[in-house]
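Visitor: There's a structure below that I have some questions on.
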Amino acid sequence: MDYEEAKEKIVAGLTKKKSKSKFYFNDLAKILDLKPRVAKKLINQMVTEEVLEYWSSGSTSLYGLKGAGKQAHAEHED
Amino acid sequence: MAKHETPLLDQLESGPWPSFVSDLKQEAESRAKNEKGIEYQIPVDVCEDLLGVLELSFKHGRTHWKHGGIVGVFGYGGGVIGRYCDQPQMFPGVAHFHTMRVNQPAGKFYTTEYLRNICDLWDLRGSGITNMHGSTGDIILLGTTTPQLEEIFFELTHTYNQDLGGSGSNLRTPSDCVGQARCEWACYDTQAICHDLTVEYQDELHRPAFPYKFKFKFDGCPNCCVASIARADISFVGTWRDDIKIDQEAVAAYVGGELPSNGGSHAGRDWGPFDIQKEVIDLCPTECMWLEDGKLMIDNRECTRCMHCINVMPRALRIGDDRGCSMLVGAKAPILDGAQMGSLLVPFIKVEEPYDEIKEVIESIWDYWMEEGKNRERLGELMKRQGFQKLLEMTNIKAVPQHVQEPRHNPYIFWKEDEVEGGFQRDVNEFRKHHQR
């Protein structure tokens, strides 16, 4: 799978889910249908290109589409 | 006069122990005076507001912190933990109060210059409050605002050649004991491997793709000074394969009282003369020691490396020469769901650069856990859920007697078809020749 295809899949997959804005790494790997190690490289690139952003509780990390959800606004980070 | 009245916190100072409340008040005062003329980049009264919000939490019996956030430094998924106060109007100094984790040097060796630099940076761009060290071992810098994060990261990496530590679903900052730098019992160079694996697994440390946290800890000997066996997903505990070295003359010197036992550490009161039978031989958990014509004998095959005899008589007994480490997996010490000790996976492995054999085991464990682990499931929980046998299979390690926790623990042995000669199919007619219906 090349990067552009993966990006499309992820953006489509995450936009579809209306109730949630933050996802576990495994959810993304499942959308790509790739082994975690392979998916990681593509997902990292999406973070670098600011398609995705990290969210961290301190103990657990989640991923979301950049700017999605209430978080940024609630934290005055937008 | 303090900014906020804090009667409940003040009460904490009345105990006989040192109080963090006094420390915070001292820092608040020092920031207010600003004798060094620092151009504070975050609110000067951050410490006062921190005391204020804590007092309010005590009063209300609930927290006023919001947990987690999107903040971080570019390209890193860990190392910064977002903290926000849910009463920013009342406590503007701690409206943002993010934590930064800094990867501590292996063995926690510092120069005063290094510590001064970190503190100066944190006085300028943070609250001045630190936690040396967090339970994973990192230097914890407590409390800064979002615009300062990249500035601090730049200074740390470019000026001081330091890096952030791990947080979130990452490899956490590996930590180790002081090792061969100061300790004669270290069976391998803990600092060398700790540093090597930290560098090798930078991607795992900074970009979260694990189901949950993952910890490495390195103990040079079974005294386990960093308690790896109790809290690391993979713990590396130094051990040896050959015999404990005995200096019989030194044994006699301990018995005769010329050498103080335990390195003299119990000299505070008179415990009477040293009794080798009572204090060493009778305390050996596997009863593998005895005296023969005044000489100390050890049946090394029975020794489980409890270290007691070596700790009591360090001049007489020394670790063996064929050294390496044992790898244990699955320990955790969480608040919820209970703690679990590590299970022995690799009884003995040599610890030699470039550590290829060790890396092979680590990576096979990660492949297994990343694929099979549920969200927020530690390796130890996965092992419990799927069984130790599955872990052996996935890491390609053959079962050995050391893997057995206790005999007859589980009477059910499940064979796989390919392990049974002829598989699970059988010729019924052939069977009937010998067995009637």
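The values are calculated or read from the model by the stated rules, or taken from the named source; none is laboratory data. Please read all numbers here as calculations on a predicted model, not as lab measurements. Note: ideal-geometry Cβ built from the backbone for every residue, glycine included; neighbour counts use all protein chains shown.
Visitor: Could you check, for segment B:413-420, whether at least one of its residues is in contact (Cβ under 8 Å) with a residue 12 or more places away in the chain and among the β-branched types (Val, Ile, Thr)?
Guide: Checking segment B:413-420: not a single residue is in contact (Cβ under 8 Å) with a residue 12 or more places away in the chain and among the β-branched types (Val, Ile, Thr).
Visitor: Hey, another quick one. Hey, does segment B:308-331 have a residue that's closer than 28 Å to residue B:392 by Cα, part of a loop (DSSP other than H, G, I, E, B), in contact with a Gly (Cβ under 9 Å, 6 or more places away or on another chain) and among the small types (Gly, Ala, Ser)?
Guide: First, the residues of segment B:308-331 that are closer than 28 Å to residue B:392 by Cα: B:322-331.
Next cut, part of a loop (DSSP other than H, G, I, E, B) only: B:322, B:330-331.
Going one step further and asking which of them are in contact with a Gly (Cβ under 9 Å, 6 or more places away or on another chain), we end up with B:330-331.
Right, trim to among the small types (Gly, Ala, Ser) and you get B:330-331.
Yes: one or more hits.
Visitor: Which of the residues spanning segment B:348-360 are on the phi < 0 side of the Ramachandran plot, surrounded by 14 or more Cβ atoms within 10 Å (Cβ to Cβ) and in contact (Cβ under 8 Å) with a residue 60 or more places away in the chain?
Guide: B:348, B:351, B:358, B:359
Visitor: Among B:139, B:81, which is in the same structural domain as residue B:48 (by TED's automatic domain parsing) and closer than 29 Å to residue B:35 by Cβ? Full working, then the answer.
Guide: Details: B:81 fails: closer than 29 Å to residue B:35 by Cβ.
After ruling out the rest, the residue left standing is B:139.
Visitor: Of the conditions (1) without any contact (Cβ under 8 Å) to a residue 24 or more places away in the chain; (2) closer than 20 Å to residue B:172 by Cβ, residue B:72 fails just one. Which one is it?
Guide: (1)
Visitor: Check every one of the helices (runs of 4 or more DSSP H) wholly within segment B:1-120 and list those with 3 or more residues that are out of contact with any Ser or Thr (no Cβ under 6 Å at 6 or more places or on another chain) and surrounded by 19 or more Cβ atoms within 10 Å (Cβ to Cβ).
Guide: Numbers: elements: B:7-12, B:20-33, B:46-60.
Passing ranges, in order: B:20-33, B:46-60.
Visitor: OK, next. Just the residues that are part of a loop (DSSP other than H, G, I, E, B) and within 14 Å of chain A (Cβ to nearest Cβ), please, taken from segment B:174-219. Break it down stepwise before answering.
Guide: Of segment B:174-219, the ones part of a loop (DSSP other than H, G, I, E, B) are B:174, B:177-178, B:182-189, B:201, B:207-213, B:215.
Hits for segment B:174-219 are B:201, B:207, B:208, B:209, B:210, B:211, B:212, B:213, B:215.
Visitor: Assess whether residue A:28 counts as being out of contact with any Leu (no Cβ under 6 Å at 6 or more places or on another chain), more than 10 Å from chain B (Cβ to nearest Cβ) and hydrophobic (A, V, I, L, M, F, W, C). Please lay out each step first, then the result.
Guide: Working: out of contact with any Leu (no Cβ under 6 Å at 6 or more places or on another chain): yes; more than 10 Å from chain B (Cβ to nearest Cβ): no; hydrophobic (A, V, I, L, M, F, W, C): yes.
Against the criterion (out of contact with any Leu (no Cβ under 6 Å at 6 or more places or on another chain), more than 10 Å from chain B (Cβ to nearest Cβ) and hydrophobic (A, V, I, L, M, F, W, C)), residue A:28 does not qualify.
Visitor: Also, quick follow-up: Sort out which residues of segment B:129-160 are part of a strand (DSSP E or B) and free of Cβ contacts under 8 Å to residues at least 40 places away in the same chain, and write them in order of number.
Guide: Kept after step one, since they are part of a strand (DSSP E or B), are these residues of segment B:129-160: B:129-132, B:139-142.
If the condition is that a residue be part of a strand (DSSP E or B) and free of Cβ contacts under 8 Å to residues at least 40 places away in the same chain, then B:130, B:131, B:132, B:139 are the ones that fit.
Visitor: Could you figure out which of (1) acidic (Asp, Glu); (2) in contact (Cβ under 8 Å) with a residue 12 or more places away in the chain; (3) farther than 30 Å from residue B:228 by Cβ isn't true of residue B:120?
Guide: Of everything listed in (1) acidic (Asp, Glu); (2) in contact (Cβ under 8 Å) with a residue 12 or more places away in the chain; (3) farther than 30 Å from residue B:228 by Cβ, residue B:120 misses just condition (2).
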